[in-house]
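Step one of this worksheet: look at the structure below.
Bear in mind these aren't lab numbers, they're just calculated from the coordinates by the rules spelled out. Model, not experiment: these values are computed from the prediction. Cβ placement follows ideal geometry from the backbone for every residue including glycine, while neighbour counts extend to all protein chains displayed.
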Amino acid sequence: MFHFMIDLENTRSKGLQGAEYLSPDDHVTVFYSESCLKVEKGKLQQIIDAGSVLDICRLQRNGKNALDFYITSKVGELFGAGYQGIVAIVSGDKGYCAVQDYWAKCVKPARTVILQPNIEQCIGCSNESSPRRGMIQERLREVNLETQFGMYGEHLKMRQILEDSFADTAYRDLLGQIVSVVERQKGCGRRVLYLDTIKRFGRKKGLEIYTKIKQTV
């Protein structure tokens, strides 16, 4: 369970990156001011579609670091009320490190406060044991550029071979789906490829497509 506190002044809509990974157990509070009233509609809709609790908090009086104090006060309010989950401050302002230090080192029992520039990275760097965290970590994992480009070249080569093979068939318009099936089942054996093809395209079409694939790759 996360309570995300979005520093909209600092992050703008970029802070909501990763909203598609939210769950109904999460709570999102957007802190904003007169100088920052707009947010991308699509990202806001992702929060709503996820079923997460959404709240907004508008700054009532302008002042230096005023929104920071709002967020800091909200952290204290939550933990003071007995909240046991993770607080994630979504901001690029490193001043919030002091909030992390306080709740990690100055109170017992310690509380978890994460500071990252967007929702996605908050989930990815947490200790949450969940499929969404694994998905995010895999997506953010650093890889060798040359190796990945080589794999991309193999993908293009295979796609071209399949495109040539199906060019004069009734299934040429299904090329994208055919490539997807072949890539997903790569290395899984012929039987798995056969079953997936039948499942995707139906028995008659699937058998014809599978036969063509088997002759090609």
**Item:** Fewest-first sequence of Lys64, Lys74 by Cβ atoms within 10 Å of each Cβ
**Value:** Lys64, Lys74
**Fill in**
Listed with the fewest Cβ neighbours within 10 Å leading, Arg190, Arg200 appear as Arg190, Arg200
**Item:** Length gained when the stretch Val53-Lys199 is fully extended (0.36 nm per residue, less Cα-Cα span)
**Value:** 48.8 nm
**Item:** Sorted by Cβ neighbour density within 10 Å, fewest at the top, the residues Asp168, Asp101
**Value:** Asp168, Asp101
**Request:** Arrange the peptides 205-212, 142-149 so that the one whose residues have, on average, the most other Cβ atoms within 10 Å appears first.
**Result:** 205-212, 142-149
**Item:** FRET E, pair Gln215, Met151, Förster distance 30 Å, beta-carbon r, rounded to 0.05
**Value:** 0.80
**Asked** Can you give the net charge of the other residues whose Cβ lies under 14 Å from the Cβ of Gly95, counting K and R as +1 and D and E as -1?
**Response** -3
**Request:** Mind listing the long-range amide H neighbours of Ile114? Cut-off is under 5 Å, sequence gap 5 or more, other chains count too, H placed in the peptide plane at 1.01 Å from N.
**Result:** Val87, Ala88, Ile89
**Prompt:** Tell me, what HN-Hα J-couplings in whole Hz come from the Karplus equation 6.51 cos²θ - 1.76 cosθ + 1.60 at θ = phi - 60° for each residue of segment 86-95, using x for Gly and Pro?
**Reply:** 9, 9, 10, 8, 9, 6, x, 7, 6, x
